[in-house]
1. Can you tell me the mean projection area, over all orientations, of the convex hull of chain B's alpha carbons? Units nm², please.
2. Taking the Cα atoms of region A:184-310, what is the range of coordinates along each of the three principal axes, in descending order and whole Å?
3. Taking neighbour Cβ counts within 10 Å as the exposure measure, how do A:255, A:66, A:192 sort from fewest upward?
4. With the dipole of the protein assembly as shown worked out from charges on the C-beta (+1 for Lys and Arg, -1 for Asp and Glu) around the Cα centre, which of A:217, A:65, B:116 lies farthest toward the positive end?
5. Sum -39500 (n - 2.57) across every DSSP H segment of at least 4 residues in the protein assembly as shown, then divide by the residue count to get the 222 nm mean residue ellipticity, nearest 500.
6. With an 8 Å Cα cut-off and a minimum separation of 6 or more residues, compute the relative contact order for region B:92-318 in percent.
7. Two decimals, Cα atoms only, Kirkwood Rh: what is Rg/Rh over region A:103-212?
8. Expressed as a whole number of Å, what is the distance separating the alpha-carbon centroids of region A:230-286 and region A:124-198?
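Every number in this text was worked out from the coordinates using simple rules, so none of it is lab data. Predicted model only: the values in this text are computed from it and were never measured. Positions of Cβ are generated from backbone atoms using ideal geometry, with glycine treated the same way; all protein chains shown enter the neighbour counts.
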Amino acid sequence: MSESTVTTEPTSGPRRSRNGVSAAAPAARVQQNAGARSGRTFTIVSWAVLIIFAVLWLIPSLWAIKTSLTDNGTSAVGASAILKDWNLTLGSYATLLSNGDIWNWYLASFITATLTTVFAVFFSAMAAYALSRLRFHGRRWVFLLLLGGILVPPPVLIVPVFQTLNVVGLLNTYWAVVLPQIPTVIAVFVFKQFFDGVPPDFEESARIDGAGFWRSFRSIILPLSRPVIAAMAIVTFVGTWNNLILPLFVLSNPKLMTIPVGLATVQGSYGQRLSDIQASSILGALPLVILFLIFQRRIVEGFACSGLKG
Amino acid sequence: MTATAEIETSAVVKRPSRYEEEAGGPRTAGMVRAGWLFLLPFLFFYVVFLIWPVIYMVITSFFNTSMVRTGFGSFAGFANYHEMLTKPEFWSALWHTIQFTIYTTPPLVILAFVFAVLANRVTHGQWFFRLAFFVPFILPSAAIALIWNFIYTPTTGLWNEFQTLLGNDAPSPVLGTPSLAMIGIAVTTLWWTIGFNFVLYLAGLQDIPRELYEAAAVDGASPWQQIRSITIPMLSRTTTLVILLQIVASLKIFDQVYLMTQGGPGISTQVLLGLVVNTAFTDYRIGAASAASVLLFIVILLITLIREVVVRAQERRAA
């Protein structure tokens, strides 16, 4: 009987099902043991399934790592040869790190991702402050204009963005990668939502002391927003670092290539040096893996709260 | 910050904030100026790199604009649209885009849900599962493509040798076979991006009150019943969000195709954004490329509107 209370609820909303479940609680004692036992079985099954999938998910990365540590000659023979050869070597990494391309790519990615992140986060926080705190004519228009921007997926704009950069003569500069990625509308709304939740009393006392909007933004709002800033900064940084389509078309100078663009040329230029190819993939991924290990929680939170996706 | 569903853009954005209602103080000249000054830097880049490109895209879609000439070129009316809509390449690219969306969306939503529910139950080692499932998502598509191209190497690659081991003497090369190439790309994408949905579901799970499960356990509800009657309905908003984001992301697919097959073999994996880019950067025909972009944009817009309707309906039911 108690079971039926639970199972007949699937279509009802959250509030109703809570009442339905707890109202039936006293009648349920008898079934508790059975429930506990099936709970334990379920936990074991959960573990098993999860571990199988996690291992499956790790195989491609482990395979790339293993290949990168095998010499090019063996890798060219095939999968079973790679599996059998355990004379690990760092030769591929040595080659890549000494030939220099990868350092240029790192530099380009680091510069463009950092600049974009700083500007994007700062400007969207400012815009969000205006929308959350200040009242002025045209505010609603701006709001609607920004709202519309959510619907526009940036990659679709690659051709007109290229043309714009061409007209202003910024092609083949880091700015061509940085500037178009500054307006991230989602960040404005995430910031605005956070600012809306900050009690206005904080600023009011400061404003009585004569602080202007700029000062209350800089010295009250921004310090309070550190967690959101961190989350947005990381999401922007990762997004810019990984962007392929924009730098692919606006940068043609190999010296300016970012990691994704550089990696996209690797397959063609390294040919049969399969270990080197895998090593460059690992090197390209490495900075983000390190970033993840340092900021695990923030990264996960940031992506979860922005709902942003490539 | 924690609740994903709350941050999903349209729902949040339409709810007026406290400040909008209460009008934080009188509108002074200083405030008007400050308002625009705070908006200015963002708006500048927004107009130059988002609004203007959209306008430019729409305008040039009606002109014979070319990459090699300056200016808009001659007026073309609907010729670009007509050309696209009657061109087999366009329809095949549209179909491949939809095909990719159909291949990737169900597994990406269902597996992410399963992984999240299971990972939420185990008390130890969550970091390990996050590492396994989430890390690929934050890596560059180019690194992912190098790894998977290598796995798919014909004859001597990991996948083909594995099949040989299972007794298939002549396994077809995944990326070299028209009927398999898109599946290969879809599998790569599943591996690459599942972490995002996984994390959205984990966040959604955190918002379900523990007492619900405790009460259900007291009632003797099995874990399976708990999932069916608590977890799934409580996550319905997250699921709607995940499905929409997933579909829109799939329609924008470019990276994987460009990096893994270049649209081949033949044009068997060419997708809309790939067609746009080729038309613009290989054929130098901006006008035609713009028309194709506008059509892609309309498809994405339609999906977004459909979702808006679904969300409204969901909210009405919940209220």
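1. 24.0
2. 70, 30, 21
3. So the ranking, lowest neighbour count to highest, is A:255, A:66, A:192.
4. Of A:217, A:65, B:116, it is A:217.
5. -22500 deg cm²/dmol
6. 28
7. For region A:103-212, the value is 1.07.
8. 25
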